[in-house]
Amino acid sequence: MKRINFDKRYALLIALGIKQTTIRNKRKAEVGEKVMLTVNDDAFAEAHVTDIELVTMRKLTDRHAQSDGFESIKSLKKALKKYYPELSEDDDVYIIHFRVDRIINFGVILDELMHLASLGIKFVNLESDERETLLTFLKSVNDKERLDFLRENHNKVIKVLRKVYDKLLRG
């Protein structure tokens, strides 16, 4: 299975379903192919490629930026320049669309999930059951308990954390 490596800061966005594409200077996979998503070569999710677009840098749009987890085309291009400093506006990039099939290693993003859950408790008006879900997650005795709780309640926790993320980001 091919591997697509991500910077750790993008793993949380992928787990929350916010980042559904990656933009690369080389084609990393084929449509329909299963891929392993990694952070520093540690596997954290299995996904499959749903589409691939070949686009020049100049033709990237805010829609591309948002599906890649960025607020604007400006912030996307700034990030791309960090990874590919030689890219010009006339260069082609591959937009690889993917869908996560399952998170296989929450440990890779546990600190980020806990931080977001803490922010949710402090700053977001949550329903009582949503709040209880996050409190149970946070009050687990140790990381093993937290990871077990995540595995057993993954859909519920991710749904609440996605709500927290959206409320914090969009007010």
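The values are calculated or read from the model by the stated rules, or taken from the named source; none is laboratory data. From a predicted model like this one, the values you see are computed outputs, not experimental measurements. All Cβ positions, even for glycine, are placed from backbone atoms using ideal geometry, and neighbour counts span all protein chains on display. Accessible surface areas use protein heavy atoms only, side chains included; no ligands, DNA or RNA. Shrake-Rupley method; radii C 1.70, N 1.55, O 1.52, S 1.80 Å.
Under 5 Å between amide hydrogens, built in the peptide plane, is the criterion, and for Val124 it picks out nothing among residues at least 5 positions away or on other chains. Near Phe70, no amide H atom lies under 5 Å from its own; only residues 5 or more places off or on other chains count, and H is placed 1.01 Å from N.
In order along the range 120-137, phi translates into HN-Hα couplings of x, 4, 6, 10, 10, 7, 9, 5, 4, 5, 5, 4, 4, 4, 5, 5, 4, 4 Hz, rounded to whole numbers, per the Karplus curve 6.51 cos²θ - 1.76 cosθ + 1.60 with θ = phi - 60° and x for Gly and Pro. Rounded to whole numbers, the Karplus 3J(HN,Hα) couplings from phi for the range 89-95 are 5, 8, 7, 7, 10, 9, 9 Hz, using 6.51 cos²θ - 1.76 cosθ + 1.60 with θ = phi - 60°, and x at Gly and Pro.
Take the Kirkwood radius over Cα pairs of the chain, plug it into Stokes-Einstein at 20 °C and 1.002 mPa s, and you get 126 µm²/s for translational diffusion. Of all beta bridges that DSSP places with both ends in the range 1-87, some 55 percent have antiparallel geometry. The HN-Hα couplings worked out from phi for the range 155-166 by the Karplus form 6.51 cos²θ - 1.76 cosθ + 1.60 (θ = phi - 60°) are 4, 5, 5, 4, 4, 5, 5, 5, 4, 4, 4, 4 Hz, whole numbers, x standing for Gly and Pro. Here the chain is treated with +1 on each Lys and Arg Cβ and -1 on each Asp and Glu Cβ, and its dipole about the Cα centre works out to around 280 debye. For the range 35-171, carbon and sulfur atoms together expose 48% of the accessible surface, with a 1.4 angstrom probe and every protein chain in place. Remark on Val39: its backbone amide H falls under 5 Å from those of Phe6, Phe44, a criterion applied only to residues 5 or more positions apart or on other chains, H modelled at 1.01 Å from N. With all pairs of separate Cα atoms included, the range 114-171 yields a Kirkwood hydrodynamic radius of 11.3 Å. Over 18 Å apart at the Cα level, from the set Lys8/Lys82; Lys122/Lys163; Lys78/Lys163; Lys34/Lys77; Lys77/Lys159; Lys59/Lys81, are Lys78/Lys163; Lys34/Lys77; Lys77/Lys159.
Modelled label positions at Lys139 and Asn153, each set 7 Å beyond Cα in the direction of Cβ, lie 1.0 nm from each other. Specify which residue in the list Val55, Met1, Leu12 is farthest towards the positive end of the charge dipole of the chain, using unit charges on the beta carbon of Lys, Arg (+1) and Asp, Glu (-1), about the Cα centre. Checked the options; the winner is Val55.
Per residue, the accessible area of the range 68-171 comes to 60 Å² when a 1.4 Å probe rolls over the protein heavy atoms. The trypsin sites (Lys or Arg not before Pro) of the range 23-130 that meet both conditions, a loop assignment by DSSP and at most 14 other Cβ atoms within 10 Å of the site Cβ, are Lys26, Arg27.
For the chain, the longest principal axis of the C-alpha atoms and the axis of helix 73-83 are separated by about 80°.
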